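Asker: Input: one structure, supplied below.
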Amino acid sequence: MSEVAKKEIRVQPICSGTVIDHITAGQALNVLKILGITGTSWGIVSILINAPSSYGKKDVVKIEGRELVSSEVDKISLISPGATINIIRDYDVQEKNQVGIPSHVEGVVKCINPNCISNSNEPIESKFDVNTREGKIELRCGYCERVICENIADHLL
Amino acid sequence: MSFEHMHIISMKEFTRDMIDHVLEVAEEMEPIARSKSGSDLLKGKVLGVLFFEPSTRTRMSFEAAMMRLGGEVLSLGSVDASSVAKGETLADTIRVVAGYSNAIVLRHPMEGAARLASEFSTVPILNAGDGAGHHPTQTFLDLYTIKRESHLEGLKIALAGDLKYGRTVHSLCYALSFYGAEITLVSPPELSMPSEIIEDLKKKNIKVIEADSIEDAIQYVEVLYMTRIQKERFPDPAEYQKVANRLQITPEVLKNAKENLRIMHPLPRTNEITPRVDETPHASYFDQSFYGVPIRMALLCLVMGVFE
Ligand SMILES: [Zn+2]
């Protein structure tokens with residue numbers, strides 16, 4: 001059996017919806033968390049974890065009947081900057097986009113500094129400047145300037 | 001160069017030219033501060049003074065600067081008595097006080113408070129310390145003291161004491177990097193300067209020397225900047241005592257000092273400098289605290305648009 005045929009068995013193509021491909025291996029469950037997909041969600045969701053790819057391992061998430069909004073794509077880019085978003089309509093890839101890494105995010109991440117003013121009851125949203133250092137994402141709080149570079153998924157709002 | 005309406009939040013927003021300009025204006029203000037005869041440069045202007053934690057010295061220095069220039073001061077008073085105790089947000093307090101005043105000086109225990117205030121204020125915010133964050137007017141007065149009592153360009157300075165948590169020394173190092181400097185660090189290992197800051201300084205071609213004792217550094221430095229070592233940083237009181245004793249400045253420690261050595265300290269001091277040092281020509285910490293007035297006069301005049 002060819003390599004392509006093997007893949008087909010693992011995950012069925014979807015009719016319409018979104019395929020999030022090239023997710024950093026190990027981050028698929030965090031992607032589901034970002035998208036609010038739980039066991040009780042409506043629709044078919046397929047997940048591949050540690051699938052072989054030309055660059056080692058990757059995760060893939062396929063969601064039937066749903067297209068992502070930009071705030072969701074921003075969050076995914078922070079935990080998996082190499083991911084691609086494929087929008088499928090009628091079994092056809094309509095659009096294929098690399099998630100762009102935004103230079104700035106608001107209301108997406110909670111600051112890790114408990115003494116940061118953004119963690120009090122002020123009428124503001126958290127804001128961070130996004131930088132990449134050696135391929136890793138670094139977030140600098142726009143209020144207290146504390147940097148988050150590890151386990152960003154744990155701090156998503 | 002116009003500073004009108006500018007918020008003074010962190011030293012990182014200042015270029016060398018801007019810093020130089022503030023120091024020049026402070027020099028013009030110094031005779032007014034020294035003569036104590038007053039001026040009417042800020043007549044009719046009101047400074048809102050919001051201190052959400054006590055810092056008597058900083059507050060008095062701002063108030064003295066404002067009053068000497070003929071301006072008025074509107075103070076929050078004690079925090080428990082104000083609406084803050086009733087749970088009002090900082091954003092609301094700022095919007096209200098901005099309506100009463102021409103500028104607001106803010107001291108707050110949380111990091112980022114001044115940045116937040118600047119987003120809600122229609123008048124300039126002067127950050128007088130936000131938690132472990134920034135305290136730019138302290139850095140300006142340190143630079144001004146160095147300029148007046150020693151020299152800024154290519155300074156040989158030793159920083160001693162708590163270099164880990166001491167935000168004023170981090171900010172001072174950053175500012176001194178504009179002028180080229182040779183910085184000697186003296187601290188117990190548990191309070192040493194964070195390595196990111198040292199790396200940053202080295203990238204800016206600043207020579208950084210880590211010395212074991214003040215005695216080693218004292219022979220070649222022109223400024224010795226002492227900081228407070230807080231007892232709370234040490235779980236073991238005996239360990240604190242040991243460190244405090246080892247870093248204490250006495251006339252004996254100064255035996256081999258250069259004649260032009262100046263000693264600075266942000267005050268209040270505890271035991272870092274014995275009172276016997278006060279009488280030596282090296283003591284500059286009381287001048288330093290006085291210089292807080294002309295430097296704050298300069299910043300107030302600049303952000304209120306009295307000077308370009
Ligand atoms: Zn923060």
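Asker: Looking only at the range B:91-114, count every residue that is within 13 Å of chain A (Cβ to nearest Cβ), under 24 Å from the mean Cα position of the chain (by Cα) and farther than 27 Å from B:Leu172 by Cβ and tell me the total.
Answerer: 1
Asker: While we're looking at this one, here's another question. What is the number of the single condition among (1) within 14 Å of another protein chain (Cβ to nearest Cβ); (2) in contact with a Phe, Trp or Tyr (Cβ under 7 Å, 6 or more places away or on another chain); (3) exposed (fewer than 14 other Cβ atoms within 10 Å of the Cβ) that B:Glu53 does not meet?
Answerer: (2)
Asker: Can you tell me which residue within the range B:115-135, out of those that are within 14 Å of chain A (Cβ to nearest Cβ) and farther than 24 Å from B:Thr227 by Cα, is nearest to the chain's Cα centre (by Cα)?
Answerer: Here the answer is B:Ile125.
Asker: OK, next. Starting from the range A:84-108, keep only residues that are within 21 Å of A:Ala28 (Cβ to Cβ), then list their pairs with residues that are modelled with pLDDT of 95 or more and open to solvent by 80 Å² or more (accessible area, probe 1.4 Å) whose Cβ atoms are within a distance under 9 Å, requiring at least 6 positions of separation or different chains.
Answerer: A:Val108/A:Glu125
Asker: For the range B:136-145, state whether one or more residues are touching a strand residue (DSSP E or B) at 6+ places or on another chain (Cβ under 6 Å) and within 14 Å of chain A (Cβ to nearest Cβ).
Answerer: Yes, the range B:136-145 has at least one match.
Asker: Here's another thing I want to ask about it. Among B:Ala238, B:Ala298, B:Ala244, which is open to solvent by less than 10 Å² (accessible area, probe 1.4 Å) and not in a strand (DSSP E or B)?
Answerer: The conditions single out B:Ala298.
Asker: Here is a further query. Test B:Ala158 against the stated conditions and say whether it is away from chain A (no Cβ under 13 Å), assigned to a strand (DSSP E or B), crowded, with 23+ Cβ neighbours inside 10 Å and under 16 Å from the mean Cα position of the chain (by Cα).
Answerer: In short, no.
Asker: A further question on this structure: Name every residue in the range B:101-131 that is within 13 Å of the ligand (Cβ to nearest atom) and of a type in the set (D, E, K, R), in order of residue number.
Answerer: B:Glu111, B:Arg115, B:Asp130
Asker: Test each condition in (1) within 12 Å of chain B (Cβ to nearest Cβ); (2) surrounded by 13 or more Cβ atoms within 10 Å (Cβ to Cβ); (3) more than 13 Å from the ligand (Cβ to nearest atom) for A:Ser126 and report the one that comes out false.
Answerer: Among (1) within 12 Å of chain B (Cβ to nearest Cβ); (2) surrounded by 13 or more Cβ atoms within 10 Å (Cβ to Cβ); (3) more than 13 Å from the ligand (Cβ to nearest atom), A:Ser126 violates only (3).
Asker: Give B:Ala103, B:Ala113, B:Ala91, B:Ala98 a once-over and let me know the one that is surrounded by fewer than 22 Cβ atoms within 10 Å (Cβ to Cβ) and out of contact with any Phe, Trp or Tyr (no Cβ under 7 Å at 6 or more places or on another chain).
Answerer: B:Ala98
Asker: A further question on this structure: Could you say whether any residue in the range A:63-73 is under 15 Å from the mean Cα position of the chain (by Cα), in a strand (DSSP E or B), among the hydroxyl-bearing types (Ser, Thr, Tyr) and closer than 20 Å to A:Ile37 by Cα?
Answerer: Within the range A:63-73, not a single residue is under 15 Å from the mean Cα position of the chain (by Cα), in a strand (DSSP E or B), among the hydroxyl-bearing types (Ser, Thr, Tyr) and closer than 20 Å to A:Ile37 by Cα.
Asker: A further question follows. Hey, can you tell me all the residues within the range B:2-40 that are in a loop (DSSP other than H, G, I, E, B) and buried (at least 19 other Cβ atoms within 10 Å of the Cβ)?
Answerer: B:Phe3, B:His7, B:Ile9, B:Ser10, B:Phe14
Asker: How many of the residues making up the range A:93-120 are more than 16 Å from B:Arg115 (Cα to Cα) and within 14 Å of another protein chain (Cβ to nearest Cβ)?
Answerer: Qualifying residue count for the region: 3.
Asker: From the list A:Glu145, A:Glu95, which one is among the acidic types (Asp, Glu) and within 15 Å of the ligand (Cβ to nearest atom)?
Answerer: Selected residue: A:Glu145, the only one of A:Glu145, A:Glu95 that is among the acidic types (Asp, Glu) and within 15 Å of the ligand (Cβ to nearest atom).
Asker: Still on this model: Does A:Asp90 meet the test of being within 14 Å of chain B (Cβ to nearest Cβ) and open to solvent by 60 Å² or more (accessible area, probe 1.4 Å)?
Answerer: When the stated conditions are applied, A:Asp90 does not pass them.
Asker: Mind listing whichever residues of the range B:258-292 are at pLDDT below 95 and among the hydrophobic types (A, V, I, L, M, F, W, C)?
Answerer: Once the filter is applied, which keeps residues that are at pLDDT below 95 and among the hydrophobic types (A, V, I, L, M, F, W, C), the range B:258-292 yields only B:Leu267.
Asker: Quick one: what pairs do we get from the range B:147-175, first residue on the phi > 0 side of the Ramachandran plot, second of a type in the set (Lys, Arg), C-beta under 6 Å, 6+ apart or different chains?
Answerer: Short answer, once both residue conditions are applied: none.
The values are calculated or read from the model by the stated rules, or taken from the named source; none is laboratory data. Just so you know, these numbers come straight off a predicted model, no measurement behind them. Virtual Cβ from ideal backbone geometry, glycine too; neighbours counted across all protein chains shown. Keep in mind that these areas ignore ligands, DNA and RNA; they rest on the heavy atoms of the full protein, side chains included. Shrake-Rupley method; radii C 1.70, N 1.55, O 1.52, S 1.80 Å.
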